[in-house]
Amino acid sequence: MNPLLTAVLVAPVVALAGAAGSAPGDHEETLRLLDTGATIDVFLDGGDPSHTGDREVFRDTLVWAKDHSPAGRAEGHCTMIEASTATTTCTIVTTLQKGTLTTEGVGVFVPGATSTAAVTGGTGAYDGAKGHATFLYNPAGESPVTFVLSLR
């Protein structure tokens, strides 16, 4: 699994919360996923990102945290901002059975670090989604990804 890409995102739905939103018909939904690793992970400079401006392109596999059933994938790219602190900026599209979610944010790829990204939109059941996603970087195994969404 690519820690840089998944941290921003990523990439959702084990627990559903039907909390009241700010407008009639709005509701909150929490999606809990696990990022199990990368099926595509390419560093455009040919190696691990070690310099400002290095870019990574990835596709990670996602499963539902509740039962490990297939959930979808997180695809995107990250740009190294500061190699000494493993800080990147990432844009990720998470594709699930009910639609897609887009996220953007700063990722820190240090074992045990949690990164938070903004949910900037969605399609299908997630059309007009707002909220945030968190990613707990675990290079030794599955990395938890949680989306907290405000939906219409």
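Bear in mind that the values in this text are calculations on the coordinates, not laboratory data. Note that the structure is predicted; figures quoted are calculated from it, not measured. Neighbour counts are summed over all protein chains in view; Cβ atoms, including those assigned to glycine, are modelled from backbone coordinates with ideal geometry.
The gain in end-to-end length when the residue 118 to residue 69 segment is fully stretched comes to 15.1 nm, 0.36 nm per residue minus the alpha carbon separation. At an R0 of 30 angstrom, the distance between the Cβ atoms of residue 28 and residue 89 translates into a FRET efficiency of 0.65. Mean sequence separation of contacting Cα pairs (under 8 Å, at least six apart), scaled by the length of region 57-152, corresponds to a relative contact order of 17 percent.
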